[in-house]
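Visitor: Following this message is one structure expressed as structure tokens.
Every read-out reported here was derived from the displayed coordinates using simple, explicitly stated rules and does not represent laboratory data. Worth saying up front: this structure is predicted, and the values here are computed from it rather than measured. Heads up, the Cβs are rebuilt from the backbone with ideal geometry, glycines too, and the neighbour counts pull from every protein chain shown.
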Amino acid sequence: MYKKAKYFISNGKLIQTENFDISELEKGFSVYEVVKITEGIPLFFEDHLKRLHYSAKLKNKKIPFSDAEIKQNVFKLIETNNLKEGRLKFAVRFYQSNDKLICFFLNPIIPTSDNYKNGITVMTVQAERENPNAKIINYELRTYINKLISENAVFEVLLVNKNKIITECSKSSIFFIKDKTVYTSLSKNVLSGITRSYIYKICKNKSIEIIESEIKQNELHTFDSAFITGTSIGVLPIRKIDNIQYNPENEMITLLHNNYNSIVENYLSRNF
């Protein structure tokens, strides 16, 4: 059973979670990262910090906290709550002259062993992010997507733009496989996912061809397999998108899954 966090942090101050007001992040705008905590270690933390700065830069802002400050707050929250596993969100809110660094634990996303073996279900929805390359909080879109996931009993939602081009999932990146080639959306149209970038590196090291293209919604049936990637889930196969069936036991997905897990293990061993 998941152990809930007792505290969150706002500008270095520990506060009981019962006093957490999420509307604080809705003032102005907030850039954020969600990092997976494994064995008390924030996974790929340097990559997350780099992307946080990039998101702020896209909005012509500069993060007003040092990386050392952010790291100190994150580790303080982990240690105080005594949570060695979970999902931790750190956000910088820009609002008038009252910028804030807020860190808090999220409920975990824990795919089952069946999800990894037999795949997950996904549904498409027409929706677009205003600035897909920046990780900016959009509560209206998130609330809408959470409602869809709950009402339709799916694991994820795949976003389709007004031109019927698929982009990315609500909380993850998406890839497709046809024969021995991996396909994914154009980088300019999606968030530069941390796990996504490691899939690119694995493909390069294993001489696997990866092609970026505008994948139309009516082309989804042409692929053999599909999978999503993300901070909390790693590499997770898809069984079905809408009514289109895929092979979740594709050997290339297994190869990418195993190699990604090796990268995670190496990172943890270096930072333990």
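Visitor: Tell me, what is the Rg over Rh of the chain, with Rh the Kirkwood radius over Cα pairs? Don't skip to the answer; put the middle values down first.
Guide: Details: Rg = 18.6 Å, Rh = 19.4 Å.
Rg/Rh for the chain comes to 0.96.
Visitor: Working from Cα positions, state the angle (0 to 90°, nearest 10) between the long axis of helix 251-271 and the longest principal axis of the chain.
Guide: Around 20 degrees separate the two axes.
Visitor: Using the structure shown, select from Lys164/Lys204; Lys89/Lys117; Lys71/Lys171; Lys6/Lys201 the pairs with a Cα to Cα distance greater than 31 angstrom.
Guide: Lys6/Lys201
Visitor: Please work out, to two decimal places, the log10 of the ratio I(q)/I(0) at q = 0.21, 0.22 Å⁻¹ from a Debye calculation in which every Cα of segment 199-249 carries one identical scatterer.
Guide: Summing over Cα pairs of segment 199-249 leads to -0.96, -1.03.
Visitor: Still on this model: Which value in nm describes the separation of the simple spin-label points at Asp242 and Val264, placed 7 Å from the Cα toward the beta carbon?
Guide: Simple spin-label model gives 3.1 nm for this pair.
Visitor: Expressed as a rounded percentage, what relative contact order does segment 28-99 have, with Cα pairs under 8 Å and six or more residues apart? Don't skip to the end; give the middle numbers.
Guide: Working: 75 pairs, mean separation 39.4, N = 72.
Taking the mean separation of contacting Cα pairs over the length of segment 28-99, I get 55 percent.
Visitor: As I understand it, the value is the acute angle between the Cα axis of helix 139-152 and the longest principal axis of the Cα atoms of the chain; what does it come to in degrees, rounded to 10?
Guide: Relative to the chain, helix 139-152 is tipped by roughly 50 degrees.
Visitor: Roughly how compact is segment 1-73, stated as its Cα Rg over 2.2 N^0.38 Å to two decimals? Can you show the working numbers first?
Guide: On the way: Rg = 13.7 Å, N = 73, 2.2 N^0.38 = 11.2 Å.
It is 1.22.
Visitor: Roughly how big is the chain's charge dipole about its Cα centre, with Cβ charges of +1 (Lys, Arg) and -1 (Asp, Glu), in debye to the nearest 20? Please list the in-between numbers first.
Guide: On the way: 38 positive and 30 negative charges, 125 e Å.
The dipole magnitude comes to about 600 debye.
Visitor: Once you place label points 7 Å from the Cα toward the Cβ at Glu140 and Thr17, how far apart are they in nm?
Guide: For the pair Glu140/Thr17, the computed spacing is 2.9 nm.
Visitor: At q = 0.13 Å⁻¹, what log₁₀ I(q)/I(0) does segment 129-176 have when each alpha carbon counts as one equal point scatterer in the Debye sum?
Guide: Ignoring solvent entirely, the Cα scatterers give -0.31.
Visitor: Of Lys180/Lys240; Lys27/Lys76; Lys62/Lys100, which ones are farther than 23 Å apart at the Cα?
Guide: Values: Lys180/Lys240 20 Å; Lys27/Lys76 25 Å; Lys62/Lys100 13 Å.
Listed pairs above 23 Å: Lys27/Lys76.
Visitor: Hey, another quick one. Rounded to the nearest 500 deg cm²/dmol, what is the calculated helix-only ellipticity per residue at 222 nm for the chain, with -39500 (n - 2.57) per DSSP H run of length n ≥ 4? Present the calculation step by step, with values, prior to reporting the outcome.
Guide: Numbers: 6 runs with 82 residues, N = 272.
That comes out to -9500 deg cm²/dmol.
Visitor: Given a Förster distance of 30 Å, report the FRET efficiency between Glu128 and Leu106 from their Cβ-Cβ distance, rounded to the nearest 0.05.
Guide: On the way: r = 24 Å, r/R0 = 0.80.
Once the sixth-power term is evaluated, E becomes 0.80.
Visitor: Segment 250-272 to segment 153-193: how many Å between their Cα centroids?
Guide: 21
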